[in-house]
Amino acid sequence: MEATLASEHRAPGEPSALDAPFEEALETLLAGRSYLYRLGQRLFGDEPDEALLREALSPLALEALGLFVDLEAGEAAAAVRVLGTACASFDARSEAFADDARAEYTRLFLGPGTLPSPPWESAHVSSDRTLFNAATLEVRRFYASKGFRPREYPHVADDHLALELDFLAALSRESLVALRAGDFDSLRALLRDQREFLHAHPMRWVESFATQMSQSPTKTGEPDPAMPYAAFASLAATFIAGDAEAVDDMLDALEQPRKPRPTGR
């Protein structure tokens, strides 16, 4: 499940007044968040296959996550331990593991029956847990203001977790492009948009989503430490909170008054 982003052309801005180490660190953060949002979109929007699971359980994914989250503390550490168990199970029986993960994905996100933790914002911020309500329309309006439209619009609920992550992945990618082009005005505007969206939407409900996922029994009724989706949900919630702080920090740094550029004689 993904969408398209209609990007307007942006001319390069002023030459960079950032020092090289800071600009390099900023590029690393923007690349990491773009990668993680895209990975999250695939994990919660597509049935898993061996390639997706191998990437999600890889050291690269954890390394990127570590830019935003303390992986040795709290719920993140517990989720990482679950992923370690899942990784060992995947290494031992990758094809069977992928089959089990697809069955788990179907049970959690497709049904039939009542979903243990619906992957739609409206189900977590509304008392009646209905879809296509005011929360959905708020998300739709935010997408439209940035030229973003789900491919199955208007037949898909815009506030699905995968679509919210897809939107952030697209804006994260545009932010990286703006940085590399030296277009700091566009970069600041994009980061402000992302800060607004993060606080207005995913941060309102992903923790509830992750908590309900962690309390969901498996199809056998017993915990299965090899099944990673509750851990993925926990890390997604932790990452989103950490990324919101990172966006604040990036904006604070980018909005500091620039020093006068030296001029030649």
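The values are calculated or read from the model by the stated rules, or taken from the named source; none is laboratory data. Computed from a predicted model, the values in this text were never measured in an experiment. No Cβ is skipped: glycine too gets one built from the backbone with ideal geometry, and neighbour counts run over all protein chains shown. Side chains are part of the model used for accessible areas, which takes the heavy atoms of the whole protein and leaves out ligands, DNA and RNA. Shrake-Rupley method; radii C 1.70, N 1.55, O 1.52, S 1.80 Å.
For region 47-94, filtering for residues that are touching a Cys at 6+ places or on another chain (Cβ under 8 Å) and open to solvent by 60 Å² or more (accessible area, probe 1.4 Å) leaves 0.
Residues checked against (1) surrounded by 15 or more Cβ atoms within 10 Å (Cβ to Cβ); (2) in a helix (DSSP H, G or I):
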{"position": "GLY113", "(1), (2)": "no, no"}
{"position": "PRO118", "(1), (2)": "yes, no"}
{"position": "SER127", "(1), (2)": "no, no"}
{"position": "THR136", "(1), (2)": "yes, yes"}
{"position": "PHE167", "(1), (2)": "yes, yes"}
{"position": "LEU179", "(1), (2)": "yes, yes"}
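Applying a threshold of 8 Å to beta carbon distances and a minimum spacing of six or more residues, or different chains, the list of pairs starting in region 47-67 at a residue that is more than 17 Å from ALA162 (Cβ to Cβ) and ending at one that is of a type in the set (Ser, Thr, Tyr) and outside any loop (DSSP other than H, G, I, E, B) reads GLU50/SER94; ARG54/SER94; ALA64/TYR35; LEU67/THR28.
When you look at ASP100, is it among the acidic types (Asp, Glu), in contact (Cβ under 8 Å) with a residue 12 or more places away in the chain and open to solvent by 40 Å² or more (accessible area, probe 1.4 Å), yes or no? Yes. Just one of the listed residues (LEU62, LEU67, LEU71, LEU43) is within 14 Å of SER234 (Cα to Cα), out of contact with any His (no Cβ under 8 Å at 6 or more places or on another chain), not acidic (Asp, Glu) and not in a helix (DSSP H, G or I), and it is LEU71.
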